[in-house]
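Please treat every number below as a calculation from the coordinates, not as lab data. Note that the structure is a prediction, hence the values are computed from the model and not measured. Please note: Cβ atoms are built from the backbone with ideal geometry, for glycine as well, and neighbour counts cover all protein chains shown.
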Amino acid sequence: MSHVPFLRKSSASEVGTTFELRQNSAVVYSRGARRGADRTEAQQQAAIENLFTQQQAGGTKGKGYMSKATRSELMKCVQRMIAMASVSAAKTMRYNPKLGYRQQACYPTFLTLVLPSDQVCKADGTPDDKQVKALVGRFLGEVQRVCDVVHYVAVFEPQPTTGNLHAHILIDKFVENLPEGQNKVDATPLRLTKLWNHFLRGAGYIEPYAEKMRAKYASGFVFDADLAEVRKQWDGATWCDVAVPVPEATQRSRYAYGVATDWQEPNTVDIHAVGKAENLAGYIAAYMAKNEGVRPIDGRLWSHSKGLEKLPLYQEDFTDEVRASVSQLIEQGKAKTLLVTASGAFTPQEYEDNDLAALGVAVVATIYTWRQSDWWAVAPPAYVRRYRHYWRDVVRREYGV
């Protein structure tokens with residue numbers, strides 16, 4: 001495979017080649033390699049005009065949608081949390097007196113916060129997204145204080161059916177949320193649904209919901225055969241939206257709880273532990289890295305805890321043993337390759353067919369994409385040990401365990 005430029009060994013003139021593992025991918029780049037500074041503008045234009053796959057025109061910055069660069073930064077933050085969770089063993093469990101149970105140092109838990117009634121609008125009639133994001137910020141501040149959460153990633157998205165802004169949040173602690181119908185009325189206000197409803201109540205979102213429910217059930221319980229909830233389900237290749245009907249027994253339980261609380265505690269928080277950290281990336285990406293939307297969002301599209309973005313991803317030299325594992329995945333057809341240049345990103349076939357090397361279009365990085373499980377199946381054992389040791393040190397620094 002010596003003819004493939006992205007698998008050639010570094011020349012003696014190069015300082016070295018770095019291999020950076022990401023979630024379901026890796027990036028290889030040469031330290032000290034030329035960045036194409038000697039490429040003329042005419043050469044760049046000729047290369048672009050010869051591409052079989054043209055780059056999409058226009059960007060998304062400032063338009064209320066998430067750009068590719070923003071999605072990349074978002075998923076890097078998610079990956080840092082996944083990596084810390086993957087080495088955060090049961091021995092990192094500590095008792096939290098504010099919650100009354102033990103918590104693992106880093107255990108991914110996924111929250112979705114929704115509005116129970118129509119979103120408040122500004123004077124110009126557009127949704128007040130900044131108000132909702134401020135409420136989420138106050139909620140997260142309290143969750144960090146009470147639940148010992150250190151890191152989180154939050155993404156905002158309009159609901160397809162209503163346009164209401166809602167938040168998908170990944171936190172690094174498992175937090176119990178009492179099952180529906182089990183002593184909810186007497187539950188401590190620190191329970192996440194009550195906590196989020198507390199902030200919603202002050203912003204005027206609870207009473208409109210309560211009035212709507214009182215009117216709907218003015219004559220008692222009525223079964224709604226059309227009531228369904230959108231859930232994420234794995235179809236064998238990706239996570240997709242599926243409308244799941246709400247059974248009559250569930251509707252009756254919710255009705256009884258609503259009456260008992262005078263409809264003041266709507267179910268506004270969906271919370272569950274994701275479980276195996278290696279299955280998290282695709283699940284989170286399905287929720288958190290979407291570019292399409294029913295409307296643009298005013299202001300920032302996502303946020304994260306302080307310092308999360310500064311945690312370096314694991315890097316090491318692109319050694320022969322790691323190179324051999326990458327080659328193995330390529331030969332098995334389990335890895336795809338993308339060559340990154342200052343003029344854009346191309347497949348190896350596009351790069352070769354358009355003779356971009358002769359035009360001076362230098363490859364500054366190579367991206368390999370694969371299933372994470374496929375990589376760990378072929379990764380050198382010594383590499384696996386170094387990777388885990390690195391992230392264990394990060395967990396010790398971040399969580400003091």
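General observations
- Here the 3J(HN,Hα) profile of region 67-80, calculated from phi with Karplus coefficients 6.51, -1.76 and 1.60 at θ = phi - 60°, is 7, 5, 5, 5, 4, 5, 5, 4, 5, 5, 5, 4, 4, 4 Hz, Gly and Pro shown as x.
- Phi angles of region 258-265 translate, via the Karplus equation with coefficients 6.51, -1.76, 1.60 and θ = phi - 60°, into HN-Hα couplings of x, 5, 5, 9, 6, 6, 9, 10 Hz per residue; Gly and Pro are given as x.
- From most to least packed by mean Cβ count within 10 Å, the peptides 243-253, 352-362 give 352-362, 243-253.
- Close amide H pairs (under 5 Å, H built 1.01 Å from N) link Tyr107 with Lys173, Phe174, residues at least 5 positions away or on another chain.
- Separation of alpha-carbon centers, region 337-390 and region 108-146, rounded to whole Å: 39
- Sorted by Cβ density within 10 Å, fewest first, the residues Tyr107, Tyr101, Tyr29: Tyr101, Tyr29, Tyr107
- Close amide H partners of Gln159, meaning residues 5 or more places away or on another chain with modelled amide H under 5 Å apart, are Asn164, Leu165, His166.
- Across region 111-118, computed HN-Hα scalar couplings (Karplus, 6.51 cos²θ - 1.76 cosθ + 1.60, θ = phi - 60°) run 10, 10, 9, 10, 9, x, 9, 4 Hz from first to last residue, x flagging Gly and Pro.
- Taking other C-beta atoms within 10 angstrom as a stand-in for reagent exposure, Val242, Val401 fall in the order Val242, Val401, fewest first.
- Legend: calculated FRET efficiency, Arg94 to Gln131, from the Cβ-Cβ distance at R0 = 41 Å, rounded to 0.05, equals 0.70.
- As a proxy for reagent exposure, ranking Arg191, Arg102 by other Cβ atoms within 10 Å from fewest up yields Arg102, Arg191.
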